[in-house]
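Everything below concerns the one structure shown next.
The values are calculated or read from the model by the stated rules, or taken from the named source; none is laboratory data. Nothing here was measured: the structure is a model prediction, and the numbers come from that model. Glycine gets a Cβ as well: all are built from the backbone with ideal geometry, and neighbour counts include every protein chain shown.
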Amino acid sequence: MKAHFISIGGAVMHNLAIALHLRGDIISGSDDAIFEPSRSRLDAYGLLPDREGWDPMRITADIDAVILGMHARKDNPELIAAMELGLPVFSFPEFLYNQYRDKKRIVIAGSHGKTTITAMVLHVLQYHGLDPDYMVGARLEGFDVMVKITDKSRIAVLEGDEYLSSPLDPRPKFLHYHADIALISGMAWDHINVFPTEAEYREQFDLLVRSLRPDGTLVYCASDKRVQDCASGAPKGVAPLDTIRSHT
């Protein structure tokens, strides 16, 4: 596969680019500013763009997937070129779902503590020899690349972010993962720049809960009244909420 990353310097974007490169895919990318540690890590794998900025000439008809980061804008010249060529354009959560669609997807959500809980879940699964695929939004000790995509694992653990998916897609990232198991750690109004009221922020988690299939599982912090209210909207048949509550 040949993939081009628009805004390759993002925390997840550069890890996804490295993961695909390690898999053997052909990866290119661009950004108008790339900071550490993304810059050094991309450079170490030969993926650092030769110059900063956007160039529509980087977009060619043989690209199989364009992965669009949240940092880009709708008028990005590379995005416009990709759309004019009719290339498939994905946000990174959309792209990740396509890689993990045949796996059991565990999505860790909540306003705070997502990375810590994701690390704990990964540790437990690895301890029991399950060797899951994963996506984590921050660097964890003992891990080199924070995205893992394989053909052999039947489980994927994803840190689920409620923020917008891309400049073209205002849906929360975690909705794209179509969770089989969702965990919500807690809720505190955040991202006020895109969710100007607490009700709008809460709605993102309501959407996550309602997206669970009847055979799905929801784990949540019962001591957080906002999360408890949100969990009450789970579809009928979601694994018994009363027996899987998580207390802090």
Residue match in the stretch 231-242 (condition: assigned by TED's automatic domain parsing to the domain that holds residue 181, touching a residue at least 12 places away in the same chain (Cβ under 8 Å) and within 19 Å of residue 163 (Cβ to Cβ)): no
Failed item in (1) modelled with pLDDT under 95; (2) within 30 Å of residue 45 (Cβ to Cβ), with residue 220 passing the rest: (2)
Residue match in the stretch 121-133 (condition: at pLDDT below 95, under 13 Å from residue 158 (Cα atoms), in a loop (DSSP other than H, G, I, E, B) and not assigned by TED's automatic domain parsing to the domain that holds residue 31): no
Residues being touching a Pro at 6+ places or on another chain (Cβ under 9 Å) and loosely packed, with under 13 Cβ neighbours inside 10 Å - total across the stretch 37-54: 0
Pair list, Cβ < 8 Å and 6+ apart or interchain, from the stretch 72-90 residues that are without any contact (Cβ under 8 Å) to a residue 24 or more places away in the chain to residues that are crowded, with 17+ Cβ neighbours inside 10 Å: 77/54; 83/89
Residue count, the stretch 40-69 (criterion: closer than 18 Å to residue 145 by Cβ and either β-branched (Val, Ile, Thr) or more than 20 Å from the chain's Cα centre (by Cα) (or both)): 8
Of all residues making up the stretch 140-173, the number that are farther than 30 Å from residue 75 by Cα and of a type in the set (Gly, Ala, Ser): 3
Those residues of the stretch 80-107 which are in a loop (DSSP other than H, G, I, E, B) and of a type in the set (Asp, Glu), in sequence order: 102
Within the stretch 157-211, strands (runs of 3 or more DSSP E) holding 3 or more residues that are among the hydrophobic types (A, V, I, L, M, F, W, C) and under 23 Å from residue 237 (Cα atoms): 181-184
